[in-house]
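Before any comments, here is the structure.
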Amino acid sequence: MLEPLGLSCDGERVYRTLLAQPSWKLTDIAAHLTLTERHVRSALDELADLALLRPADGPADELLPISPSVGLATLLARAEAELADRQRRIEATRAAVATIAAEHDGARARESITRHEGIEAVRARIEELAAATRTEMVSLNPNSAQTPDAKAASKPLNQQLLERGVAIRCIYQDSFRNDPATLAAARWLAELGGQTRTVPTVPLLMIVIDRETVLVPIDPANSRLGALELRSPGVVTAAYALFEQTWLNATPFGESATRDGNELTLQEREIIKLLADGHTDEIVARRLDLSTRTTRRVVAELMGRLDARSRFQAGLRIAERGWHR
C-alpha cells in the first residue's frame, strides 16, 4: 500500500508494529510477524534510510518510529514533488513530439509524390492516414487486391473510421459476389454503415482520402511492391472524379444488376465491348475476373437473345441494335 513512498511490504508491517509496540525488540517483531530476524533487520534498515526511525534517548542501538503525520507526510510530499516534476517533463516531451510530427507532416504535405516501398510500409502509412482522416475514404478494389491478409489488415481500420463517423465507400468487381470471404467483408462493412458497389471491371487499386491524398500501387500488376502517395490537387481531383463516375455506374451491394434500355447489364456490355475489340473468351474472363465457363455462358445467353447461330451473326445483330455503343 505504501510502495509509492518507497516502503516495501515487510517495511510497512515492521513500521506499523513499532508504532503499536515501540518497546519491542527485533526478536519480538520477528516472532509477531513470523519473519526471520534477517528480514526484520533489513526492514529496519529500510525504515532508517527513509527517516522513519529515530534514536531513542536511552541505549544507543535503540530506535523508535517517527510519527506517521511527520515521517509518512514527508515521504508523500517528496513523492508528489517527483510526480509533478515527471509530469512537467512528460508535457515538455509531448510538445517536442508534436513539433517533430508537425514538421514531418509539413514536409510530406509539400511533396507531390511520396514513394512507399513494400506492402508493410504501405499498410503503416495507411494506418497513419486513417488516424488523420476527417470526413471520407473511398477506394477502388480489383479482385487481385482482395487477399486474406489485406482484408485482415483493413478490417480494424475501417471499423475505427466508421465509429468516428468517417464515410467509407468501396467499389469492387461484380465477380466478387461469388467470393464468400469478400461477400462476408462487404456485409460486415454495410452493417457498420459503409457502402459497397460493384462494376464489371475496376481499372486499378486506388484509395482517396478526404479528397486530399491518393494512394495507388507502384506497379498495378503487383500491389505488394509498394504505393505512391499523391497530393497534387490536380491528380487528386482527377482520381476522385474517376471514383465518382465509377460509383454512379456501379450496382449497390445487395441489389440485382441494373439493366439499360437494351436490357443489358454493365457486365454484359463490357463483355460485348471486349469481344468486339477482338479479345478471346479467355482474355475477357481474365479482364473481368470471371471463369472462362461463366464468360462463355453469358455469351451463349446473349446469342440466344439475339437469335444468332454464330458469333459472326451475333456481331452483326449487335451492331444493328446498337448494343456496342
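Every number in this text was worked out from the coordinates using simple rules, so none of it is lab data. Model, not experiment: these values are computed from the prediction. Don't worry about glycine lacking a Cβ; one is built from the backbone with ideal geometry, like all the others, and counts go over all protein chains shown.
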Between helix 68-110 and the chain: long-axis angle, C-alpha atoms, 0 to 90°, nearest 10: 20 degrees
Between helix 9-20 and the chain: long-axis angle, C-alpha atoms, 0 to 90°, nearest 10: 40 degrees
Please check: in the Gaussian network model of the chain (C-alpha springs, under 10 Å), which one of Val70, Val138, Val236 has the largest mean-square fluctuation. Val70
Show that you can apply the helix-only estimate: for the chain, add -39,500 (n - 2.57) for every DSSP H stretch of four or more residues, divide by all residues, and state [θ] at 222 nm to the nearest 500. -18000 deg cm²/dmol
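Can you put Ser223, Ser232, Ser42 in order of Cβ neighbours within 10 angstrom, beginning with the fewest? Don't skip to the end; give the middle numbers.
Values: Ser223 20, Ser232 13, Ser42 16.
The fewest-first ordering by Cβ neighbours comes to Ser232, Ser42, Ser223.
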Report, to the nearest 10°, how far helix 180-191 tilts away from the longest principal axis of the Cα atoms in the chain, using its own Cα long axis and a range of 0 to 90°. 70 degrees
Would segment 1-110 count as rounded, prolate or oblate if I go by the C-alpha gyration tensor, calling it rounded below 1.5 in a/c and otherwise prolate when a/b exceeds b/c, oblate otherwise? prolate
Using +1 at the Cβ of each Lys and Arg and -1 at the Cβ of each Asp and Glu in the chain, identify which of Ala186, Leu288, Leu275 lies farthest towards the dipole's positive end. Leu275
Return the single residue from Pro233, Pro220, Pro55 with maximal mean-square fluctuation; model: Gaussian network over the chain, springs between Cα atoms under 10 Å. Pro55
Whether segment 186-253 is rounded, prolate or oblate, judged on the alpha carbon gyration tensor where a/c under 1.5 counts as rounded: prolate
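With an 8 Å cut-off on Cα pairs and a minimum separation of 6 or more residues, tell me the relative contact order of segment 48-99 in percent.
Details: 24 pairs, mean separation 11.9, N = 52.
Here the relative contact order equals 23 percent.
Given the convex hull over the Cα atoms of the chain, what projected area results after averaging over all orientations, in nm²? Kindly include the intermediate steps, with their values, before the conclusion.
Numbers: hull surface 109.1 nm².
For the chain, averaging the hull's shadow over all directions gives 27.3 nm².
What is the extension gain from Ala181 to Arg224, computed as 0.36 nm multiplied by their sequence separation minus the C-alpha to C-alpha distance, in nm to one decimal? Mind showing how you got there, number by number?
Details: separation 43, 0.36 × 43 = 15.48 nm, distance 2.01 nm.
Additional length available on full extension: 13.5 nm.
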Looking at the chain, what % of its DSSP beta bridges pair antiparallel, to the nearest 5? 65 percent
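Sort 120-130, 155-165, 7-17 by the packing proxy (mean of other Cβ within 10 Å over each peptide's residues), most packed first.
Numbers: 120-130: 16.1, 155-165: 14.5, 7-17: 18.8.
In descending order of packing, they fall as 7-17, 120-130, 155-165.
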Length-normalised contact order of segment 266-321 in % [C-alpha pairs under 8 Å, at least 6 apart]: 22 percent
Sorted largest first, extent of segment 114-252 alpha carbons per principal axis (Å): 35, 33, 29
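How many percent of DSSP beta bridges within segment 114-252 run antiparallel, rounded to 5? Show your work: numbers first, answer last.
Values: 17 of 28 bridges.
Once the DSSP bridges in segment 114-252 are tallied, antiparallel ones form about 60 percent.
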If one builds a Gaussian network model of the chain from Cα atoms under 10 Å apart, the most fluctuating residue listed among Arg197, Arg269, Arg305 is Arg305
